[in-house]
Amino acid sequence: MLTLVCCKIVCIKVVLNTMSSIMIEKAEISIKLGLKIKEIRNKKSLSQEQLASLADVHRTYIGMIERAEKNITLVNAYKIAKALEIDLVELLK
């Protein structure tokens with residue numbers, strides 16, 4: 001019985017550690033993408049509002065992406081890349 005309980009505890013710890021790692025990875029990806037969008041936007045002298053208008057997204061959405069507060073969809077990543085006049089692949093590098 002003790003072995004079974006210990007095995008379950010170990011399994012739960014492994015699952016929690018894996019989930020934690022995935023969440024950290026997601027956060028890192030969001031942060032990197034947001035910083036890249038901001039960097040390119042600033043190089044092109046665009047405000048968040050101007051970029052939002054060009055990409056046909058809400059003006060607050062750009063800020064939320066840049067601050068990694070919002071997960072971006074592939075469709076919106078494409079629209080933002082197009083508005084920044086770069087390939088989606090370049091944005092995601």
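Please find the FRET efficiency linking residue 86 to residue 26, where r is the Cβ-Cβ separation and R0 is fixed at 25 Å, and quote it to the nearest 0.05. Kindly include the intermediate steps, with their values, before the conclusion.
Values: r = 23 Å, r/R0 = 0.92.
Once rounded, the FRET efficiency stands at 0.60.
Rounded, prolate or oblate: pick one for region 35-93, where a ≥ b ≥ c are the square roots of the eigenvalues of its C-alpha gyration tensor, a/c under 1.5 means rounded, and failing that, prolate if a/b is larger than b/c, else oblate.
On the way: a/c = 1.23, a/b = 1.06, b/c = 1.16.
Here region 35-93 falls in the rounded category.
At a probe radius of 1.4 Å, what is the per-residue accessible area of residue 89, in Å² to the nearest 10?
100
For the pair residue 69 and residue 39, how long in nm is the line joining their label points, each one 7 Å along Cα→Cβ?
Each label point is offset 7 Å from its Cα along the Cβ direction, giving 2.3 nm.
The values are calculated or read from the model by the stated rules, or taken from the named source; none is laboratory data. The model shown is predicted, which means the values in this text are computed figures rather than measured ones. Positions of Cβ are backbone-derived with ideal geometry, glycine not excepted, and every protein chain shown enters the neighbour counts. These area figures cover heavy atoms from the full protein model, side chains too; ligands, DNA and RNA do not enter into them. Shrake-Rupley method; radii C 1.70, N 1.55, O 1.52, S 1.80 Å.
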